[in-house]
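What follows is calculated from the coordinates using simple rules that are stated; it is not laboratory data. These figures come from a predicted structure and were not determined experimentally. Quick reminder, even Gly has a Cβ in these numbers, built from the backbone with ideal geometry, and neighbours come from all protein chains shown.
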């Protein structure tokens, strides 16, 4: 188990598709946008980079500037940690946004705020309230001591509960301590404005209870980030190995067991170069629920993997001969079970998928996995859909 950011720089060829808010922000700062072509052959405006700061990327997600991200490479194994870190960062970003949204929706219903609204009808605090960021920053800049005192009041019993839980290992305790503080620190200015305004007033205990309960809930929910990152890597590596094996058979014809060649680092390197030259890549994308104006969709995430899979075609045709209607869509677990005999990674994939499904069920995250195959090509599209 680990927190969502480990490195200062991630070295990955990342394409970022912007939301309307993101596009407006970049254009207002005179940043040139590119017309990017994605794996599904669609084009959209965005930015492209070969390395980036995890913190800067997360800030863009939290501000609602990003609608989609995509990486494409011939091989993922040498970038394993970076890909997993990116996947966890994206999941944590969505959890932060969802946490903030749920906190606001809950605390504006507290009795102390209802009382305030009755007494101050000209300055209501509700779901329609908008206070300029500059004004919020100025107000909160003079309340730093209150913010720190409020954080301590909120966190102390949560941390005490973590430390006294005998089921957690010392490492897990440290991670949870850090995680709960991060969730609290990622609350938006509007939430902090409300917390500070009502701190130590009558009825603040109701707000305290909401904050602590949600922190405990999201601390548990955040475990899913690790499972998702492992599942994503399993899918990417499985597709990569398929491509490498196909290329080895083509490049080293006449050799009885060309599959063994891929374990030789020098030969594998040559095979990867050939895949790059022929543009036979594995594409991995993350589609976010929407920008800041996409009400009710902030908690949506779709992870998609695109790859050509010749060996699956035989299985696909066999299935089509036995089934009717919607033949090209199946669950990910069926996809693994129906792979040809001898396909490496099948058991491992089922193992990871089982853990991911169980973890999502335990914390009420809706999870759906679908595999599509185009009837006119050998393109396999795997979708992992989450609603946090």
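Along the Cα→Cβ direction, 7 angstrom out, place labels at residue 251 and residue 35. What is the inter-label distance in nm?
3.5
Tell me the label-point distance for the pair residue 145, residue 48, using the 7 Å Cα-to-Cβ offset, in nm and rounded to one decimal.
5.4
Under 17 Å from a point 7 Å along the Cα-to-Cβ line of residue 114: which residues of the range 170-208 have their amide N that close?
Under 17 Å, as judged by backbone N against the label point of residue 114, lie 202-208 of the range 170-208.
Among 388, 263, rank each residue by its count of other Cβ atoms within 10 Å, from fewest to most, as a rough exposure measure.
If I rank by nearby Cβ atoms, fewest first, I get 263, 388.
Can you tell me which of 20-29, 229-238 comes out highest on packing, and rank the rest after it, using the mean Cβ neighbours within 10 Å?
So the order, starting with the most tightly packed, is 229-238, 20-29.
Normalised by the number of residues in the range 1-132, what is the relative contact order in percent for Cα pairs under 8 Å and 6+ residues apart?
It rounds to 28 percent for the range 1-132.
Quick one: 269, 87, 56, fewest Cβ neighbours within 10 Å first, how do they rank?
Listing 269, 87, 56 from fewest to most nearby Cβ atoms yields 56, 269, 87.
For residue 102 and residue 11, what is the calculated FRET efficiency with R₀ set at 30 Å and r taken between the beta-carbons, to the nearest 0.05?
0.30
Of the peptides 174-183, 60-69, 46-55, how do they stack up when ordered by the mean number of other Cβ atoms within 10 Å, highest first?
Top of the packing list down: 60-69, 174-183, 46-55.
Could you work out the relative contact order of the range 96-221, using alpha carbon pairs under 8 angstrom and six or more residues apart, expressed as a whole percent?
Reported as a whole number, the value is 44 percent.
I'd like the distance between the alpha-carbon centres of the range 212-259 and the range 11-65, rounded to an integer number of Å.
25
For the range 223-273, what's the relative contact order in percent, using C-alpha pairs closer than 8 Å and at least 6 residues apart?
Once divided by the residue count of the range 223-273, the mean separation gives 29 percent.
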